[in-house]
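S.K.: Okay, handing you the structure first.
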Amino acid sequence: MRVYHKAYVYLTCGTDLLVFDEPDTPYLGMQVPGGTVDPGESFLHGAMREFEEETGLKLDAAFDHFSDQDIPFETIPPVGQFRPAPDRPLLGRHIRRNYHVGVSQRPKEEWEHYEMFPSSGNAPIRYRFFWLDLFSQKAQDQENFFAAFGPPLETLRQRLPRLKNAA
């Protein structure tokens, strides 16, 4: 089984989370920025690089590691309607490190950006970024997220009140 090391960024502004979908493959559902860590690269540097590549934004903020996931894509049942694109297979074991970054002001409200050099080697991927309230019904419904991006949200929701009180 092939092993992929992945790093993802759960960017929040207050209780809003930055998410994206792919307008050209709407059946994938919502995701958070991040992706494959390059050989020799740390999870943290991979998260920072992938965030910038996918969003077009550079963050000058602390990246706080808050959860890990070990996902065997051969056995994970697809949730709801969201399944991988046929030309972007996910087969293998995905070891994920998830980072939380909190900002006081949204860098943008909503935008589109292309990842020009996806790790799959395929054509550029168009992303549509927007903000989602973590406590909304949409954010709490696992079927709205692709490939297990939803489960870390409960840990993130529990952290937000503590983070607000610490500020």
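The values are calculated or read from the model by the stated rules, or taken from the named source; none is laboratory data. Owing to the predicted nature of the structure, the values given are computational and were not obtained by experimental measurement. Neighbour counts run over all protein chains shown; Cβ positions are idealised from the backbone, glycine included.
S.K.: Quick one: in region 77-104, of everything that is of a type in the set (D, E, K, R) and under 17 Å from G34 (Cα atoms), which residue is modelled with the lowest pLDDT?
M.R.: R88
S.K.: How about region 41-73: which of its residues are in contact (Cβ under 8 Å) with a residue 60 or more places away in the chain and either out of contact with any helix residue (DSSP H, G or I) (no Cβ under 8 Å at 6 or more places or on another chain) or farther than 18 Å from L153 by Cβ (or both)?
M.R.: Hits for region 41-73 are E53, E54, T55, I71, P72, F73.
S.K.: Now for a separate question. Against the definition (of a type in the set (D, E, K, R), loosely packed, with under 15 Cβ neighbours inside 10 Å and at pLDDT 90 or above), how does K58 come out, yes or no?
M.R.: In short, yes.
S.K.: Taking region 120-142, which residues are in contact with an Asp or Glu (Cβ under 8 Å, 6 or more places away or on another chain) and of a type in the set (S, T, N, Q)?
M.R.: S120, N122
S.K.: Within region 1-14, work out how many residues are touching a Phe, Trp or Tyr at 6+ places or on another chain (Cβ under 6 Å) and either hydroxyl-bearing (S, T, Y) or farther than 19 Å from R126 by Cα (or both).
M.R.: Number of matching residues: 1.
S.K.: In the list G150, G121, which residue meets the criterion of being farther than 16 Å from P33 by Cα, at pLDDT below 90 and not aliphatic (A, V, I, L, M)?
M.R.: G121
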